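The values are calculated or read from the model by the stated rules, or taken from the named source; none is laboratory data. Nothing here was measured: the structure is a model prediction, and the numbers come from that model. Cβ: placed from backbone, ideal geometry, glycine included. Neighbour counts: every protein chain shown. Ligands, DNA and RNA are excluded from the accessible area calculation, which covers all protein heavy atoms including side chains. Shrake-Rupley method; radii C 1.70, N 1.55, O 1.52, S 1.80 Å.
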Amino acid sequence: MALYGASLVLPIDLKKKPCEQKLTLHNRWHPDIPPVAEVRTGELFRVEMMDFSGGRITQEYSAEDIKHADPSISTSYLPPKDAKLVTTKADRKQSNNFCYSTRDPDMAPPTPRLVVPIDLKKQPREQKFPLHNRWHPDIPPVAEVKTGEVIRVEMLDWTGGIIKDDDSANDVKFIDLSIVHYLSGPIRVTDADGAPAKPGDLLVVEICNLGPLPGDEWGYTATFDRENGGGFLTDHFPCATKAIWYFEGIYAYSPHIPGVRFPGLTHPGIIGTAPSMELLNIWNERERELEETGLQTLKLCEVLHSRPLANLPSPKGCLLGKIKEGTSEWEKIAHEAARTIPGRENGGNCDIKNLSRGSKIYLPVFVEGANFSTGDMHFSQGDGEVSFCGAIEMSGFLELKCEIIRGGMKEYLTPMGPTPLHVNPIFEIGPVEPRFSEWLVFEGISVDESGKQHYLDASVAYKRAVLNAIDYLSKFGYSKEQIYLLLSCCPCEGRISGIVDSPNACATLAIPTAIFDQDIRPKASKVPVGPRLVRNPDVLKCTYDGNLPTTKNPCSAT
């Protein structure tokens, strides 16, 4: 089993001088300077360092530290907290030429304030601030923050640690989906004067930084059993499967899908505000109507197998943060609170893979304080997250800050429905993402596997595009299950390319070719074969014990 994270080979104590460090620093090049550590090839390791001046340049609103810095010393040490600014030649001589300063209390703190910590050894309900897995206006906030303040929110993976880094997919097959998603929060937001966000405002959430929790640098991608959750292609792939991924800095690799390595575009799958009671009632009424009057077969759009049609409120598996289970308050809220599975007007489970560093989310506010929550952290995801448990799921952290646009809902969001509450968030994509220049693009049209024509059905078209990509890439030594999971979590891009040319909608799936260690483009010669292309082992897989029919491509050889 892989070790999580990098081993620390060169630590730094910011309170000590370079010569006092555990492994002494140096500021010259010479062949006889002895090594302080030894590493092996392929080993992921961490090296810490002081700034080039060793703390001589401070956060003081003065340039005296620059003016009087000694350029012959390229590393130094940080001063004590009560040190004074040195300005005169005599003072500088007496203090060994170091320019010290005290911290300005009005300046921003050096690190984000941790408002929701996570202990990886504890269950969701055992955390210092218990998590929640439902949306309801009466779930109390666990923290309060001010606009402009940089905060840190930690989170468990969306299952609360149920899926393990082991050699079995049984945890995926038998997971109780009533428990998800586990969210950190709610967090109440006020302005600098202490006035809370109000219904009708917009809450601006800027993602400053994010990543896996230290010491837990791994994730997983999976498909659910068809009898327990299913997924986009569950009629083709009815078995529960799982692949484990390990992280090397920005890159992910999996022993279950060899020959692939790619940078992650890390993002939270869920970030949203609490609904008002009026909005919650709208959700529950419309979803209950769909469940009661919708197509009562195992199929949605006739060829997209999905069960159930909606996930209605249920006290089973319900966790409501600080509200104690078994109380009358818990019973009432548990029967009303909305499941977190679909995205809605409040944002929620949107699974937008590009919401990474530098992104902003403009969320409508429905209750006082906004009470926003977040979770479902992804190291990487493809557009559509097609295997359902389909990103590289992980525990993680968000460092973010909030602003409030007073009256922003009316100013910027036009309702698309019968009430002013029928609005949707706006998302601003950040500037940081992997760069790929070469893509292989697969097309799908709204004709299903039986040859039946559907009218401008983008879901059917996208299903065809994904199936086309799976069949093609399986020619290069992969199992179809490996490619299915890969297309769900790698940084591939899905598009609705045409939605007006009757009767066929056209969808495309673009896959960056650089993530493979072989050339996957079509060539005049045949597809190469040989031991190098045999991709073993396969993903972890369970048997399918149900009796629902499996869709087969009549023209496929396998």
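Brief remarks on what is shown
- Rolling a 1.4 Å probe over the heavy atoms of the protein chains gives segment 461-528 an accessible area of 39 Å² per residue.
- The residues of segment 179-242 expose on average 24 square angstrom of accessible surface per residue, using a 1.4 Å probe on protein heavy atoms.
- With R₀ set to 60 Å, the beta-carbon distance separating Gln453 from Val39 gives a calculated FRET efficiency near 0.50.
- Rounded, prolate or oblate (a/c below 1.5 giving rounded, otherwise prolate when a/b exceeds b/c) for segment 390-495 by Cα gyration tensor: oblate
- Site pair Ile57 and Val500 shows an inter-label distance of 5.4 nm when each label is modelled 7 Å from Cα along Cα→Cβ.
- Three-way shape label, the chain, alpha-carbon gyration tensor, a/c 1.5: oblate
- Positive minus negative residues near Pro263 (Lys, Arg vs Asp, Glu; Cβ under 13 Å): +2
- Candidate cross-link partners of Lys541 among the lysines, defined by an alpha-carbon separation under 20 Å and a same-chain spacing of 8 or more, comprise Lys164, Lys173, Lys242, Lys480, Lys552.
- The per residue volume of the convex hull around the alpha-carbon atoms of segment 417-558 is 222 Å³.
- Seen against the Cα atoms of the chain and their longest principal axis, helix 277-293 is set at about 30 degrees.
- The H on the amide N of Ala143, modeled in the peptide plane, is under 5 Å from the matching H of Arg188, each at least 5 residues off or on a different chain.
- The sum of -39500 (n - 2.57) across all DSSP H runs of n ≥ 4, divided by the residue count of the chain, sets its helix-only mean residue ellipticity at 222 nm to -3500 deg cm²/dmol.
- In straight-distance terms, cross-link reach from Lys322 covers every one of the lysines whose alpha-carbon lies under 20 Å from its own, apart from those fewer than eight places away in the same chain; here that gives Lys121, Lys122, Lys128, Lys332.
- 20 Å Cα-Cα reach of Lys198 towards lysines, excluding residues that sit fewer than 8 places from it in its own chain: Lys146, Lys360, Lys401, Lys410
- Normalised contact order of the chain, rounded percent, pairs of Cα under 8 Å and 6 or more residues apart: 18
- In order along segment 115-125, the phi-based Karplus estimate (6.51 cos²θ - 1.76 cosθ + 1.60, θ = phi - 60°) of 3J(HN,Hα) comes to 9, 9, x, 10, 9, 5, 8, 10, 6, x, 7 Hz; Gly and Pro are listed as x.
- Under 20 Å from a label point set 7 Å out along the Cα-to-Cβ vector of Lys121, the amide N atoms of segment 155-179 belong to 155-157, 160-165.
- Angle in degrees between helix 458-473 and the longest Cα principal axis of the chain, rounded to the nearest 10: 70
- Rounded if a/c under 1.5, otherwise prolate or oblate - segment 252-400, Cα gyration tensor axes: oblate
- With Cα atoms, 0 to 90° folded angle of helix 480-489 axis to the chain main axis: 50
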